[in-house]
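Each remark here refers to the structure printed beneath this line.
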Amino acid sequence: MTQRLFDPVLVGGQLLPNRIVLPPLTRSRATSDGVPTPLMAKYYRQRSGAGLIVAEGTVVSPQGNAYARVPGLYSREQVQGWKPVVEAAKSQGAAFYAQLWHVGRQAHSMVQPDGLAPLAPSPIPITGWGYRTPEGKRVPYETPRELTREGIREILGQFADAAANAMQAGFDGVELHAANGYLFDQFFNRSSNQRIDEYGGSVENRVRFLNEVLGALAQVIPLNRVGIRLSPSSGWMDMRDPDKRSVYSEAVRIASRRGLAYLHLVEPGIEASDDVDLGEDWIPSGELAALFDGPVIVTGGHTAETASAQIVAGVADMVGFGRLFISNPDLPHRFQHGTELQEAHADGLYSDDELGYTDYPCHPSYAPSRS
Ligand SMILES: Cc1cc2nc3c(=O)[nH]c(=O)nc-3n(C[C@H](O)[C@H](O)[C@H](O)COP(=O)(O)O)c2cc1C
């Protein structure tokens with residue numbers, strides 16, 4: 001049954017060789033200026049047997065960042081740095097999308113370029129978690145500064161510029177990181193959005209930022225090359241709302257109306273990079289997938305068997321494998337031949353060298369194909 005993972009699939013007008021997705025995984029191997037490195041090219045080349053590769057969260061501006069050595073798409077050097085990475089990722093026929101990221105209130109003044117508090121829809125700090133400093137210490141999150149209309153307009157421009165830069169670097173498209181409690185999510189959920197202007201209150205208002213980003217992107221890139229990632233059932237980083245179903249359904253309807261390349265859903269029971277117990281009001285992926293007229297990706301806790309079952313059931317067209325792809329660079333080959341899987345270890349997830357990054361071996365029987 002797992003053969004279904006190897007059926008080709010059409011995404012954004014491109015025929016992809018299989019339905020296995022390398023989902024976005026932050027690995028912190030760019031330079032301190034957010035320029036991609038040759039080591040990143042090696043990492044993506046090792047994993048280039050996927051049908052679709054979504055590059056790690058890539059910030060649209062220095063203000064949109066919270067962490068060390070995260071790549072960007074806002075400078076000429078970054079665009080140049082991405083080119084060899086793009087070439088490596090696409091070397092076996094995968095499509096390669098950049099994940100465009102603005103962290104909003106998950107940043108901290110100690111890493112903001114102007115030393116000011118981060119920007120967010122409302123001045124409400126994250127309470128249940130701590131910000132991890134570049135030295136690895138946990139400190140409380142700060143009260144963010146409320147975005148002005150002018151500030152929102154500036155961010156729309158940053159997303160459009162980053163999307164144009166992505167295409168210039170050779171990416172096939174971009175994925176909006178509207179999951180995991182970052183800026184889009186902060187607009188969606190009432191726990192972080194208490195605005196009384198046209199960006200807060202009703203569902204229609206809380207999805208306005210998404211709608212406007214898509215409007216800005218449409219000026220520079222075809223929207224059938226824009227995907228969107230949502231985590232509708234995750235409460236990570238205080239993402240609470242009395243009616244999540246309504247706001248996420250509306251976000252999906254907008255994505256569908258705009259003709260986006262794909263909908264990428266983080267499965268219930270996953271918070272960021274961890275498995276958690278299902279919350280009270282989790283939303284089955286199939287329910288949101290049914291609202292989207294186009295390819296759907298689900299990611300979170302899947303094995304080859306559960307992934308195929310989601311495809312057979314018509315819930316998803318493609319499936320992402322995050323942690324499994326970290327420790328098995330040749331994951332599609334291992335799935336296809338039923339070869340044993342290697343266990344991941346936590347060392348090196350976010351460090352700055354090849355250990356725990358490019359040193360997981362491929363199976364001796366693996367011979368990458370070249371396109
Ligand atoms: C090390 C690591 C980094 C991650 N970075 C990102 C990221 O940059 N953007 C994102 O949307 N999700 C990120 N995630 C979440 C994964 O894309 C994925 O949703 C999650 O690992 C669940 O899938 P899995 O069970 O197949 O690992 C990250 C996960 C891990 C383990």
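The values are calculated or read from the model by the stated rules, or taken from the named source; none is laboratory data. Since this is a predicted model, take the numbers as computed values, not measurements. Positions of Cβ are generated from backbone atoms using ideal geometry, with glycine treated the same way; all protein chains shown enter the neighbour counts.
Observations on the structure shown:
- Candidates in segment 300-310 are the residues that are of a type in the set (G, A, S) and near the ligand (Cβ under 9 Å from one of its atoms); of these, the one that is surrounded by the most Cβ atoms within 10 Å (Cβ to Cβ) is G300.
- Filtered by the rule that a residue be under 10 Å from V247 (Cβ atoms) and crowded, with 24+ Cβ neighbours inside 10 Å, segment 186-205 gives F187, F188.
- Taken over segment 336-347, residues that are touching a residue at least 12 places away in the same chain (Cβ under 8 Å) and either β-branched (V, I, T) or assigned to a loop (DSSP other than H, G, I, E, B) (or both) amount to 6.
- Here R19 meets each of (1) away from the ligand (no atom under 13 Å from the Cβ); (2) under 25 Å from Y357 (Cβ atoms); (3) not aromatic (F, W, Y) with one exception, condition (2).
- Hits in segment 95-131 (condition: within 16 Å of the ligand (Cβ to nearest atom), assigned to a loop (DSSP other than H, G, I, E, B) and surrounded by 24 or more Cβ atoms within 10 Å (Cβ to Cβ)): H102, V103, A107
- One residue from S75, S48, S32 being of a type in the set (S, T, Y), more than 27 Å from V111 (Cβ to Cβ), at pLDDT 95 or above and more than 16 Å from the ligand (Cβ to nearest atom): S48
- Within segment 311-322, considering residues that are without any contact (Cβ under 8 Å) to a residue 60 or more places away in the chain and surrounded by fewer than 23 Cβ atoms within 10 Å (Cβ to Cβ), the one farthest from the chain's Cα centre (by Cα): A313
Table: residues versus (1) among the polar types (S, T, N, Q); (2) more than 17 Å from G173 (Cβ to Cβ); (3) touching a Leu at 6+ places or on another chain (Cβ under 8 Å).
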position	(1), (2), (3)
V226	no, no, yes
R245	no, yes, no
Y248	no, yes, yes
A251	no, yes, yes
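- Restricting segment 211-238 to residues that are hydrophobic (A, V, I, L, M, F, W, C) and surrounded by fewer than 24 Cβ atoms within 10 Å (Cβ to Cβ), the residue that is nearest to the ligand (Cβ to nearest atom) is W236.
- Against the numbered list (1) of a type in the set (G, A, S); (2) away from the ligand (no atom under 14 Å from the Cβ); (3) modelled with pLDDT under 95, S256 comes up short only at (3).
Condition check ((1) surrounded by 17 or more Cβ atoms within 10 Å (Cβ to Cβ); (2) away from the ligand (no atom under 15 Å from the Cβ); (3) assigned to a loop (DSSP other than H, G, I, E, B)) across all residues:
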| residue | (1), (2), (3) |
| --- | --- |
| L278 | no, no, yes |
| V298 | yes, no, no |
| L324 | yes, no, no |
| R334 | yes, no, no |
| L349 | no, no, yes |
| G356 | yes, no, yes |
